[in-house]
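The values are calculated or read from the model by the stated rules, or taken from the named source; none is laboratory data. What you see is a predicted model; the values in this text were computed from it and never measured. Every residue, glycine as well, gets a Cβ built from its backbone with ideal geometry; the counts of neighbours run over all protein chains shown. SASA here: full protein model, heavy atoms, side chains in, ligands and nucleic acids out. Shrake-Rupley method; radii C 1.70, N 1.55, O 1.52, S 1.80 Å.
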Amino acid sequence: MDGKMGEATGHQVHIIGGGLAGSEAAWQLAQAGVKVRLSEMRGTGDMTPAHQTDGLAELVCSNSFRSDDADKNAVGLLHQEMRRLGSLIMAQAEPAKVPAGSALAVDRHVFSEGVTRALANHPNVEIVRERIDKLPIEGMTIVATGPLTAPTLAASIGEAAGMDHLAFFDAIAPVVHFDSIDMDKCWMANRWDKIGPGGGEGKDYINCPMNKDQYQAFVQGLLDGEKTEFKEWETNTPYFEGCMPIEVMASRGPETLRHGPMKPMGLDDPRTGRWPYAVVQLRQDNASGTLWNMVGFQTKLKHGAQVELFRTIPGLEKAEFARLGGLHRNTFIQSPKLLDATLRLKSAPHIRFAGQMTGCEGYVESAAIGLLAGRFAAAELLNQRITPPPADTALGALLGHVTGNLATADYQPMNVNFGLFPPLEDVKKKQRKEAYTARARSSLSQWVDAFEMN
């Protein structure tokens, strides 16, 4: 398609991309009474390197939305703010929830099916399976195609932006069949035995212990293992620190992994009563508990090398893998230079961007920017005053990262974190996180009240 959408389609906003951001934007608009056309490429025969289904809001890198602690964690606070604003993504996470300690994790298929069903049943949403190759030249549009935007559309975005877009790598962690794990060598526990929002007994992770010799041999295996070759268009593309391949972490020093994804702190091995030298953790990946993903084990090792090396981990000697790790390139734009405060493209204000392409990182963050894009678009159409959320809320802090006055030459993807919030100078360090969240809740309430009075 050439991207020009006529009046005959009956929609008021065209959303390109049915991932978490596009789905959330569509929901926010539809709930405001706006007619939406949601275009999704998957389902037409086209597929990205990472997706496996044509379901909306499919999760590919992890099944975790990370911490659900709204008092001491920035992403947990973001969860709470999104729930307050009627988020579809957060609503559908509830029936798909699986135990994951203090994190919010979901069954991938249940979650995607719930989002797809909710949007398909909404009278204001039309889901169209089509590939859009060019940005629409007219009509209000939200581009939420995500980090794996099709090359033709990516080229159109680069042309409209007047500059090249940037790219980075994102890696996928392996998934193991539970019945192939030797539980005589592993044990189930959360770090420090914490009990999370998914319930359970504080035993949501499978822990595979390593002694010093096993750990050192494993690290050497990561360094020596055969890696996938970069394609020409992936050369010199920087990694995002939050999704670093495990072998890249290992190359930074022999102890790096023991202070990262393989840290043993807070995990008492019931066989010894002590912390192991290192630990590999697996987190439940589906509601039935038949699949478990290796936490932090995103990798670009070749598949054969992965199987050989990961079966040296105690408890995984006979592991059967439902999915092995992989690597793909992500793209994002230099949003602080290109977008205004309500996510509109300055050179073409009828177009908004949402999701990971804006330079936010993470499922929840992508959905949050989609939520804001949808609300901003609805307010514009309904002639309401558009006011971005306060900078001291999680939504506002994340939006500030995307659209703020940053040094665009160094602009990189970012998860929400308290470092993005306006500082609190007169609060003791131990009380600072609770102070951030309390301030944010007060500010969000005032913003919501003012928004709803428009």
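Filtered by the rule that a residue be in a loop (DSSP other than H, G, I, E, B) and at negative phi, the stretch 377-397 gives 382, 384, 385, 386, 387, 388, 389, 390, 391, 392, 393. Does residue 353 count as within 30 Å of residue 396 (Cα to Cα), open to solvent by less than 20 Å² (accessible area, probe 1.4 Å) and free of Cβ contacts under 8 Å to residues at least 40 places away in the same chain? Answer is no for this residue.
Confirm whether residue 307 is part of a helix (DSSP H, G or I) and open to solvent by less than 10 Å² (accessible area, probe 1.4 Å). The answer is no for residue 307. Condition first: open to solvent by 60 Å² or more (accessible area, probe 1.4 Å), modelled with pLDDT under 95 and more than 23 Å from the chain's Cα centre (by Cα). Can you find one or more residues in the stretch 139-151 that meet it? Within the stretch 139-151, not a single residue is open to solvent by 60 Å² or more (accessible area, probe 1.4 Å), modelled with pLDDT under 95 and more than 23 Å from the chain's Cα centre (by Cα). Contact annotation: residue pairs with Cβ atoms under 6 Å, 6 or more positions apart or on different chains, pairing a residue in the stretch 315-328 that is at pLDDT 85 or above with a partner that is open to solvent by 40 Å² or more (accessible area, probe 1.4 Å), are 315/182; 315/185; 317/311; 319/311; 320/177; 324/303.
Annotation: residue 365 fulfils all but one of (1) in a loop (DSSP other than H, G, I, E, B); (2) open to solvent by less than 40 Å² (accessible area, probe 1.4 Å); the unmet one is (1). For the stretch 91-109, indicate whether the set of residues that are in a helix (DSSP H, G or I), among the small types (Gly, Ala, Ser) and open to solvent by 40 Å² or more (accessible area, probe 1.4 Å) is non-empty. Checked the stretch 91-109: at least one residue is in a helix (DSSP H, G or I), among the small types (Gly, Ala, Ser) and open to solvent by 40 Å² or more (accessible area, probe 1.4 Å). Applying the criterion of being open to solvent by 10 Å² or more (accessible area, probe 1.4 Å) and touching a Gly at 6+ places or on another chain (Cβ under 6 Å) to the residues of the stretch 36-61, the residue that is modelled with the highest pLDDT is 40. Note on the stretch 75-104: among residues that are at pLDDT 95 or above and among the small types (Gly, Ala, Ser), the one that is farthest from residue 285 (Cα to Cα) is 86.
Only a single item in (1) modelled with pLDDT of 90 or more; (2) farther than 16 Å from residue 311 by Cα; (3) of a type outside the set (A, V, I, L, M, F, W, C) is not met by residue 164, and it is number (1).
Every condition in (1) over 30 Å from residue 30 (Cα atoms); (2) in contact with a helix residue (DSSP H, G or I) (Cβ under 9 Å, 6 or more places away or on another chain) holds for residue 403 except the one numbered (1). Screening residue 320 against (1) within 18 Å of residue 173 (Cβ to Cβ); (2) surrounded by 24 or more Cβ atoms within 10 Å (Cβ to Cβ); (3) not aliphatic (A, V, I, L, M) leaves a single unmet condition, (2). Cβ separations smaller than 6 Å between residues 6+ apart or across chains give the following pairs from the stretch 287-313 residues that are free of Cβ contacts under 8 Å to residues at least 12 places away in the same chain to residues that are in a loop (DSSP other than H, G, I, E, B) and surrounded by 20 or more Cβ atoms within 10 Å (Cβ to Cβ): 311/319.
Kindly evaluate residue 424 against the criterion of being within 25 Å of residue 146 (Cα to Cα), open to solvent by less than 50 Å² (accessible area, probe 1.4 Å) and among the hydrophobic types (A, V, I, L, M, F, W, C). I'd like the intermediate steps shown before the answer.
Numbers: within 25 Å of residue 146 (Cα to Cα): no; open to solvent by less than 50 Å² (accessible area, probe 1.4 Å): yes; among the hydrophobic types (A, V, I, L, M, F, W, C): yes.
When the stated conditions are applied, residue 424 does not pass them.
Does residue 416 meet the test of being within 25 Å of residue 92 (Cβ to Cβ) and either open to solvent by less than 10 Å² (accessible area, probe 1.4 Å) or among the β-branched types (Val, Ile, Thr) (or both)? For residue 416, the condition - within 25 Å of residue 92 (Cβ to Cβ) and either open to solvent by less than 10 Å² (accessible area, probe 1.4 Å) or among the β-branched types (Val, Ile, Thr) (or both) - is met. Among the conditions (1) touching a residue at least 60 places away in the same chain (Cβ under 8 Å); (2) surrounded by fewer than 17 Cβ atoms within 10 Å (Cβ to Cβ); (3) over 17 Å from residue 420 (Cβ atoms), the only one that residue 338 does not satisfy is (2).
Residues in the stretch 261-296 that are among the β-branched types (Val, Ile, Thr) and open to solvent by less than 40 Å² (accessible area, probe 1.4 Å) were compared, and the one that is farthest from residue 179 (Cα to Cα) is 279.
So, in the stretch 1-35, exactly how many residues are open to solvent by 20 Å² or more (accessible area, probe 1.4 Å) and either modelled with pLDDT of 75 or more or of a type in the set (A, V, I, L, M) (or both)? Step through it out loud before you land on a result.
Residues of the stretch 1-35 that are open to solvent by 20 Å² or more (accessible area, probe 1.4 Å), as a first pass: 1-2, 4-12, 19, 27, 31-33, 35.
From what's left, either modelled with pLDDT of 75 or more or of a type in the set (A, V, I, L, M) (or both): 1, 5, 8, 10-12, 19, 27, 31-33, 35.
Total meeting the criteria: 12.
I'd like to check something: does the stretch 70-78 contain any residue that is in a loop (DSSP other than H, G, I, E, B), within 24 Å of residue 295 (Cβ to Cβ) and among the polar types (S, T, N, Q)?
If we filter the stretch 70-78 for residues that are in a loop (DSSP other than H, G, I, E, B), which is where we start, we get 70-73.
In the following step, the residues that additionally are within 24 Å of residue 295 (Cβ to Cβ) were identified as 70-73.
When the remaining residues are screened for being among the polar types (S, T, N, Q), the result is 73.
Among the residues of the stretch 70-78, at least one is in a loop (DSSP other than H, G, I, E, B), within 24 Å of residue 295 (Cβ to Cβ) and among the polar types (S, T, N, Q), which makes the answer yes.
When 131, 66, 117 are checked against the criterion of being open to solvent by 40 Å² or more (accessible area, probe 1.4 Å) and over 17 Å from residue 22 (Cα atoms), 66 stands alone in meeting it.
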